[in-house]
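Following: one structure in structure tokens, then a few remarks.
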Amino acid sequence: MKKSTQYIVSLSVSFLFTASGAIFKIMHWPEVNLLFSLGLIFGLPFIYLGIADVYQNRKDTFVVRIMWMIGFIFLSAITGLVYLSQYKKGNED
């Protein structure tokens, strides 16, 4: 499986579990912690793949790569979408 496919699948599953957890939390339904934990677990691969891809990209300066890495660590969902929609454009494996 290509890295880009793994990235998209992991990002999608992470969003699915996290959004479901948020809905469960709002509705005060049980198993919220399980859904949020699964969202985090499925989010780790796309964070790792994103950081690895940014680190290996030598077209950008060091500062830009560090900023992407910090974004993936602290704002993973937003950075993941921006990375997928703009930065990854045309860079297939």
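The values are calculated or read from the model by the stated rules, or taken from the named source; none is laboratory data. Quick caveat, the model's predicted, so the values are computed rather than measured. Positions of Cβ are generated from backbone atoms using ideal geometry, with glycine treated the same way; all protein chains shown enter the neighbour counts. Quick note on the areas: whole protein, heavy atoms, side chains included, nothing else; ligands and nucleic acids left out. Shrake-Rupley method; radii C 1.70, N 1.55, O 1.52, S 1.80 Å.
Scan segment 23-35 and give yes if some residue there is surrounded by 18 or more Cβ atoms within 10 Å (Cβ to Cβ), without any contact (Cβ under 8 Å) to a residue 40 or more places away in the chain and under 13 Å from the mean Cα position of the chain (by Cα), otherwise no.
Among the residues of segment 23-35, not one is surrounded by 18 or more Cβ atoms within 10 Å (Cβ to Cβ), without any contact (Cβ under 8 Å) to a residue 40 or more places away in the chain and under 13 Å from the mean Cα position of the chain (by Cα), which makes the answer no.
Among all residue pairs at least 6 apart or on different chains, which show Cβ distances below 7 Å where the first residue, located in segment 71-85, is farther than 11 Å from Ile47 by Cα and of a type outside the set (A, V, I, L, M, F, W, C) and the second is open to solvent by 60 Å² or more (accessible area, probe 1.4 Å) and part of a helix (DSSP H, G or I)?
none
Going through segment 53-70 one residue at a time, which ones are part of a helix (DSSP H, G or I) and of a type in the set (S, T, N, Q)? Break it down into steps so the answer makes sense when it comes.
The first filter runs over segment 53-70 and keeps only residues part of a helix (DSSP H, G or I), leaving 53-56, 62-70.
The answer is Gln56, and nothing else.
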